[in-house]
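*Asks:* Input: one structure, supplied below.
The values are calculated or read from the model by the stated rules, or taken from the named source; none is laboratory data. Fair warning: this is a prediction, and the values are worked out from it, not measured in the lab. Cβ placement follows ideal geometry from the backbone for every residue including glycine, while neighbour counts extend to all protein chains displayed.
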Amino acid sequence: MNIKANDPSLKSWVEIPSDSDFPIQNLPFGIFSTDYLEAGAGVAIGNHILDLTYLHENGFLDGLGLPAGVFNQKYLNDFIGLGKQVAREVRGRISELLNVENDELQSQVAARELSLIPMDEAQMHMPIRVPNYTDFYSSEYHAANVGTMFRDEENALFPNWKHLPVGYHGRASSIVASGVDIHRPYGQLKPAEVEKPFFGASKRLDFELEMAFITCKENGLGNPVSLSESDDYIFGFVLFNDWSARDVQVWEYVPLGPFLAKSFASSMSPWIVTADALEPFKVNGPKQDPEVLPYLQYEGSKNYDIDLQVFIQPDNDVANLVCSTNFKHMYWNVNQQLAHQTMNGCNLQVGDMYASGTISGPDEGSFGSMLELAWKGTKPIQLKNGQKRSFLEDGDTVIMKGQCERNGVKIGFGELKNKVLPSKNKDS
Ligand code: MN
């Protein structure tokens, strides 16, 4: 697909720092507010946010068929629900307005000043209201690591794993924005060495590095979405942290899967990078063997080459890089996930999140959770301050980042950053 807004030769009149995730080829959507502006939609460009409400109200987006007030809202659901073609035209028009060769906005001093908000004056919010959340389990490296740890290497993957993208329905209400603090959860705990379960603070609090896609179209109950139609439903992507309490999980998950060990919180990065902007960074996925059933078969490049990092920053300390991996390692791609999710007639809603599952790569430094990085607590990670970590401590901030680079263009996701605070529970 040839998308004009992705052209590597495009330059903006807005200054773009060389390390910025947001050149003119990105143009991700988010929800921001300032001391003087209520929450509304914006687009990231360099160190600024372009105020879509202002542009729309002042005629800069005329002719695109946008309903009145579509950007002047706390969430992007109504906008993304207009469909990918509308969003593509809006992104194309913004690309024009920000182009160094276009003076419609550039030459109007007042409009320029009013529509471009410095990021450091803005507060970012949840970009969407999330009706439904599914978490897949689509990294073979991750599934094999966990299987090896809790069973054995020989039977690391369950017999179904290479035939379907395994997943579970997660909790949408506790998905929070970057910047929101995460309180350590309490739960039922039953370490192997004790006879009876007890109630207490999780001692094995973990992150899971994931990407999530957000849907922008409804299929209606009873209508499967075929793999070849699935791109129409996938609006864009965010970084996703599927916070996990391992000691709660190991006791509660049998036989129905994750529950309270996951539902205390998940967090997402503030900018939705469109599937359109990620189009140039598509790559082939791993060969799938055994051959998958027809409804999961696909053609072309469906994986994304996105470099991902996780940092742990202890309280009042420096950030430590603990994981470097890539989204391209996923065994199951997002189109397969969507086709599988809907093949029984399950209905998608606008703003749903479909998370990838923990993204691990082949090497030790590329594992996407503390569980794997410190191998179940047996190989604690060394931090720069001399401390060690097997799991997260109170005061730790977990930072996730992601970028793609090709033909001299680098686009990224910004930061997903949340701090762990002590529990609000009381021992009883
Ligand atoms: Mn997960």
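*Asks:* Among what's in the stretch 313-338 and is crowded, with 24+ Cβ neighbours inside 10 Å and among the aromatic types (F, W, Y), pick the residue that is nearest to the chain's Cα centre (by Cα).
*Replies:* Across the stretch 313-338, the extreme among qualifying residues is F327.
*Asks:* Separate question: Given the conditions (1) buried (at least 22 other Cβ atoms within 10 Å of the Cβ); (2) farther than 30 Å from Y233 by Cα; (3) of a type in the set (A, V, I, L, M, F, W, C), which single one is not true for L383?
*Replies:* Of everything listed in (1) buried (at least 22 other Cβ atoms within 10 Å of the Cβ); (2) farther than 30 Å from Y233 by Cα; (3) of a type in the set (A, V, I, L, M, F, W, C), L383 misses just condition (1).
*Asks:* So is N77 out of contact with any strand residue (DSSP E or B) (no Cβ under 8 Å at 6 or more places or on another chain) and surrounded by fewer than 20 Cβ atoms within 10 Å (Cβ to Cβ) or not?
*Replies:* Taking the combined requirement at face value, the residue satisfies it.
*Asks:* Additional query: Determine, yes or no, whether Y36 is closer than 15 Å to L116 by Cβ and either surrounded by fewer than 19 Cβ atoms within 10 Å (Cβ to Cβ) or not assigned by TED's automatic domain parsing to the domain that holds E113 (or both).
*Replies:* For Y36, the condition - closer than 15 Å to L116 by Cβ and either surrounded by fewer than 19 Cβ atoms within 10 Å (Cβ to Cβ) or not assigned by TED's automatic domain parsing to the domain that holds E113 (or both) - is met.
Here's the yes/no breakdown for (1) in contact (Cβ under 8 Å) with a residue 60 or more places away in the chain; (2) among the hydroxyl-bearing types (S, T, Y):
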| site | (1), (2) |
| --- | --- |
| N58 | no, no |
| L61 | no, no |
| L64 | no, no |
| Q73 | no, no |
| Q85 | no, no |
| G92 | yes, no |
| S95 | yes, yes |
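*Asks:* I've got another one for you. State which residue is nearest to T325 (Cα to Cα) when the search covers only the stretch 378-400 and only residues that are in a strand (DSSP E or B) and in contact with a Lys or Arg (Cβ under 9 Å, 6 or more places away or on another chain).
*Replies:* Per the stated criteria, the residue is M400.
*Asks:* I would also like to ask the following. Out of the residues in the stretch 118-145 that are touching a Leu at 6+ places or on another chain (Cβ under 7 Å) and within 16 Å of the ligand (Cβ to nearest atom), which is nearest to P165 (Cα to Cα)?
*Replies:* The qualifying residue nearest to P165 (Cα to Cα) is A143.
*Asks:* Let me ask something else about it. Scanning the stretch 339-375 for residues that are on the phi > 0 side of the Ramachandran plot and under 18 Å from the mean Cα position of the chain (by Cα), which turns out farthest from the ligand (Cβ to nearest atom)?
*Replies:* G351
*Asks:* If only one of I381, I399 is aliphatic (A, V, I, L, M), over 19 Å from H142 (Cα atoms) and modelled with pLDDT of 95 or more, which one is it?
*Replies:* On inspection, the qualifying residue turns out to be I399.
*Asks:* May I pose another question? Give me the residue from the stretch 93-117 that is surrounded by 16 or more Cβ atoms within 10 Å (Cβ to Cβ) and of a type in the set (G, A, S) and, out of that set, farthest from the ligand (Cβ to nearest atom).
*Replies:* For the stretch 93-117, the residue satisfying everything is A111.
*Asks:* Looking at the stretch 143-163, which of the residues that are in a loop (DSSP other than H, G, I, E, B), free of Cβ contacts under 8 Å to residues at least 12 places away in the same chain and not aromatic (F, W, Y) is surrounded by the most Cβ atoms within 10 Å (Cβ to Cβ)?
*Replies:* Restricting to residues being in a loop (DSSP other than H, G, I, E, B), free of Cβ contacts under 8 Å to residues at least 12 places away in the same chain and not aromatic (F, W, Y), the top hit is R151.
*Asks:* Moving to a separate point now. Please return the ranges of strands (runs of 3 or more DSSP E) entirely within the stretch 208-322 where 2 or more residues are more than 16 Å from the ligand (Cβ to nearest atom) and touching a residue at least 40 places away in the same chain (Cβ under 8 Å).
*Replies:* Once the strands (runs of 3 or more DSSP E) in the stretch 208-322 are filtered for at least 2 residues that are more than 16 Å from the ligand (Cβ to nearest atom) and touching a residue at least 40 places away in the same chain (Cβ under 8 Å), what remains is 209-215, 234-241, 307-313.
*Asks:* In the stretch 182-200, is there at least one residue being among the β-branched types (V, I, T) and without any contact (Cβ under 8 Å) to a residue 60 or more places away in the chain?
*Replies:* For the stretch 182-200, residues among the β-branched types (V, I, T) and without any contact (Cβ under 8 Å) to a residue 60 or more places away in the chain: present.
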